[in-house]
Structure formats: C-alpha cells, structure tokens
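Read through the structure below, which is laid out as structure tokens, and then see the notes.
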Amino acid sequence: MHPLIIVLFVLAGCCIIYNIVVQLMICDFLKRRGRKVSIIFLRIMIFSYIAQYKSITRQESGRTGPLFYHAIVSINAALLFAVLGIIGRAVLQGKDQAARKSRWQ
C-alpha cells in the first residue's frame, strides 16, 4: 500500500480517537450539570448530547462551548481522511492494474 494512503488512514484513526475523547468529555460535562447520560448508548445518543452541551453552554456563557466545535470538526475530519484514503487506494489500484495489463500486451 502506498505510504500516503497509510497516512490518510492513520489520520482518520487519530481523529476518531480524539472524537471519542471529546464525546466522553461532553458526557462528563453533562453529568456535572445533572443530566442523565448513558455511556452504553453513547454512539446512539451522542448527537443529542452534543446538542444539549451546546444549549447549556449558550445558556451559561452566551457562547457555544469549545467541545462542540472539537466534536464536529474531528468527526468530519475523520470522514474526510477516510474517504480520501478509500478514493486514493482505488485510484492507485486502478493504475496498478492498468500497468499490469500494459506489460502483458
């Protein structure tokens, strides 16, 4: 596999790990504010928790809290790096197959 593709997938993995950390921080924030949070159903409920975090921080300080942006940017970056890695891998495999066909003809 091409080194650039590996880098893209590693970056996607790092973004996912960072996003999980941010999600846990948001859950901790909500627990400290007296909201019920289920770690078991975190994957299903995370968008609800992010929306609750946003509304609570806006009520408290008038601004959206920084974890909201960290959560949104990190998950979108992970998606972007993964898609770029998949597309790059497909393109490079297509070039390799075309090169093999041309050698045999």
For the list (1) of a type in the set (K, R); (2) at pLDDT below 95; (3) crowded, with 17+ Cβ neighbours inside 10 Å, I need the number of the one condition that K54 fails. (2)
Is it the case that some residue within region 1-22 is outside any helix (DSSP H, G or I), in contact (Cβ under 8 Å) with a residue 60 or more places away in the chain and closer than 30 Å to D96 by Cβ? yes
Determine whether region 31-41 contains at least one residue that is surrounded by 14 or more Cβ atoms within 10 Å (Cβ to Cβ) and in a helix (DSSP H, G or I). no
When you go through (1) at pLDDT below 95; (2) surrounded by 12 or more Cβ atoms within 10 Å (Cβ to Cβ) one by one for A77, which number turns out not to apply? (1)
Residue satisfying all of: in region 31-63; more than 20 Å from I75 (Cα to Cα) and of a type in the set (A, V, I, L, M, F, W, C); nearest to the chain's Cα centre (by Cα) among these: V37
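The values are calculated or read from the model by the stated rules, or taken from the named source; none is laboratory data. This is a predicted model, so every value here is computed, not measured. Quick reminder, even Gly has a Cβ in these numbers, built from the backbone with ideal geometry, and neighbours come from all protein chains shown.
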